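K.L.:
One structure, pasted below without further comment.
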Amino acid sequence: MKKIKKQKLKLQVCVLVIVIVMIIAAIIVIKMKNSDAGKSTTVTKSSLEKVLEISDLSTLDYNYNSIVDVKDEEGEKEKYHVAYEGTVTVGVDMSKVQISVDENTKKITIKVPDPVVQNVNIDMGTLQFIFEKDKYETESVTIEAYNACVADLENKAKQEDSLMTIAKENAINGINALISPWIEQVEGKYTVEVK
């Protein structure tokens, strides 16, 4: 079962990276066609920021199956347990990307921020309850359970190092795919380090 989840995750990541690269390539081709022929271009921090001008870059979607225990208001007694399925989207805030250009060494360094949980989606149709006592089975239980599932899934995703590592690697690869073709078109030989 874990092997299937890992394969599904790898497939989702590959599809995401391919889509990002295709979009980036299309944007670069359009910009190159619209640019003046023979125009000399210099790499600047602001020109690189323009290339990376998106607010968030989602780099990983991950599916979860989990159980959360919902406790009373005092946090002492368990009221019920909820099994659920959900998806977490993890990515980076592109406004926090740090760019430096060293003209002497012709080196561009791009520092990618740590990934964050961007979205948590719980499939309401998958909620399954086990109540400790019948008195906890009320009309408002679904809303309470949904909120508990969202909090639980967000917390689990934040603590999963491998998830954040993969999301960061995907962000680095995506930014490399964005920047590298653009740099190749610029006059001069620059090296790019994305970390």
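K.L.:
Which residue, of Thr138, Thr142, is among the β-branched types (Val, Ile, Thr) and part of a loop (DSSP other than H, G, I, E, B)?
P.N.:
Thr138
K.L.:
If you don't mind, another one. If you check Lys71 against the conditions, is it open to solvent by 90 Å² or more (accessible area, probe 1.4 Å), in contact with an Asp or Glu (Cβ under 9 Å, 6 or more places away or on another chain) and modelled with pLDDT of 90 or more?
P.N.:
Judged against the criteria, Lys71 is a match.
K.L.:
In this structure, does Ser162 turn out to be exposed (fewer than 15 other Cβ atoms within 10 Å of the Cβ), assigned to a helix (DSSP H, G or I) and in contact (Cβ under 8 Å) with a residue 12 or more places away in the chain?
P.N.:
Taking the combined requirement at face value, the residue does not satisfy it.
K.L.:
Does any residue of the stretch 140-153 turn out to be among the charged types (D, E, K, R), within 16 Å of Val68 (Cα to Cα), at pLDDT 90 or above and open to solvent by less than 60 Å² (accessible area, probe 1.4 Å)?
P.N.:
Checking the stretch 140-153: at least one residue is among the charged types (D, E, K, R), within 16 Å of Val68 (Cα to Cα), at pLDDT 90 or above and open to solvent by less than 60 Å² (accessible area, probe 1.4 Å).
K.L.:
Residues that are closer than 25 Å to Val150 by Cβ: which strands (runs of 3 or more DSSP E) entirely in the stretch 67-120 hold 3 or more of them?
P.N.:
The strands (runs of 3 or more DSSP E) meeting that bar are 78-93.
The values are calculated or read from the model by the stated rules, or taken from the named source; none is laboratory data. Bear in mind the structure is a predicted one, so any value in this text is a computation, not a measurement. Every residue, glycine among them, receives a Cβ derived from its backbone with ideal geometry; neighbour counts consider all protein chains shown. Ligands, DNA and RNA are excluded from the accessible area calculation, which covers all protein heavy atoms including side chains. Shrake-Rupley method; radii C 1.70, N 1.55, O 1.52, S 1.80 Å.
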